[in-house]
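The values are calculated or read from the model by the stated rules, or taken from the named source; none is laboratory data. Here the structure is a predicted model, which is why all the values come from computation and not from measurement. Note that we place each Cβ from the backbone using ideal geometry, even for glycine, and neighbour counts take in every protein chain shown.
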Amino acid sequence: MRNALNALTDELRRLKACGVDRVAVSDDGLKALRRSAGRQPSAGVPEPAPEPAAAPSSGAPPEVVLPEGDKSVRWAALRQRVLDDPVCRSKVRPGKKVVLGVGSLDAAIMFVGEAPGGEEEVQGEPFVGPAGQLLNRMIGGMGLSRADVYIGNILNWRPDLPTGPDGVQTGNRPPTESEMAYCLPFLRAQVEIVNPRLLVALGATAAKGLLGTRSFGALSEVRGRWHDLGGRPLMVTYHPSYVLRNPTNRTKRLIWEDLLKVMERANLAVSEKQRRFFL
């Protein structure tokens, strides 16, 4: 039961970091929580306090030096550098994979997410689960395909949580500051190679990784407007998982309005039909 409650707590922290300020809970779910909260420790045996999940230190960020050559040569070298990185390898559970970005090395638009999830660490590719499928549809709505853009993450491994008796991790958590700091040189190298016209940060964690972990509080403070990232335009919007949790036209429209700004800034044609999506 404690593992389940810890997983629930971690997921609530993740939702808060994404800008979610309320969640829907079924009657059955409330009853289960009340039953858990109502349990008393055995007489004379104090119940130990739950230990907070803390990721081990990632160490000093690596220095990434890209070789001379065209984009494909430099990206291949970076990929091998990340796959061979001892810290990245140490953070990945047996049978799982380190994850690097994918897509067109000539993309005008680069999307940046938080970290790999369960599906991503299996396939070794970002955004391949339900949130990734939704991101593909969002990109399609812009008149592009996944192959036309570049998609990366702040973190190159799935942030760890305690596993159950079966050894399977349930749930995800946001990366720590030290984890993000370690992987940011790899992300910056991807930006250098691709040289996109603009970037899109998907969610609060990605935005804090790019803008600075103390640059804002709630996502609403920075969402929907342009920021400067080393002279490159950066748009901040919600993570696709936010839409999966709140699948209303209002939520979809909020993200779509941000993507319309991206399309205009990237000089993509915007039809009247596209302008009216989710209205």
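List of remarks:
- Pairing each residue of the range 151-171 that is under 25 Å from V82 (Cβ atoms) with any residue that is of a type in the set (F, W, Y) and at pLDDT 95 or above, provided the two are 6+ apart or on different chains, yields C-beta distances under 7 Å for I151/F111; I151/F127; N156/F186.
- Residue within the range 163-174 that is out of contact with any strand residue (DSSP E or B) (no Cβ under 9 Å at 6 or more places or on another chain), closer than 18 Å to M110 by Cβ and not hydroxyl-bearing (S, T, Y) present: no
- Hey, L210 within 30 Å of R81 (Cα to Cα), among the hydrophobic types (A, V, I, L, M, F, W, C) and not in a helix (DSSP H, G or I) or not: no
- Search result, residues across the range 104-119 that are surrounded by 24 or more Cβ atoms within 10 Å (Cβ to Cβ), outside any loop (DSSP other than H, G, I, E, B) and not aliphatic (A, V, I, L, M): F111, G113
- Positions within the range 166-189 being closer than 13 Å to L155 by Cβ, surrounded by 18 or more Cβ atoms within 10 Å (Cβ to Cβ) and over 14 Å from the mean Cα position of the chain (by Cα), in sequence order: Y182, F186
- Unmet requirement for F127, which otherwise passes all of (1) at negative phi; (2) within 16 Å of the chain's Cα centre (by Cα): (1)
- Looking across the range 144-171 at every residue that is at pLDDT 95 or above and of a type in the set (S, T, N, Q), the one that is farthest from G118 (Cα to Cα) is identified as S145.
- Residue-level check: of (1) within 22 Å of N153 (Cα to Cα); (2) surrounded by 12 or more Cβ atoms within 10 Å (Cβ to Cβ); (3) touching a Leu at 6+ places or on another chain (Cβ under 8 Å), L219 misses just (3).
- Taken over the range 153-165, the criterion of being surrounded by fewer than 19 Cβ atoms within 10 Å (Cβ to Cβ) and part of a strand (DSSP E or B) is satisfied by T163 alone.
- Out of V168, V128, V149, sole residue that is of a type outside the set (F, W, Y), touching a helix residue (DSSP H, G or I) at 6+ places or on another chain (Cβ under 9 Å) and farther than 23 Å from W75 by Cα: V168
- Which numbered condition P130 misses (of (1) crowded, with 20+ Cβ neighbours inside 10 Å; (2) over 17 Å from A147 (Cα atoms); (3) not β-branched (V, I, T)): (1)
- Any chance T237 is under 19 Å from L134 (Cα atoms) and touching a Pro at 6+ places or on another chain (Cβ under 6 Å): no
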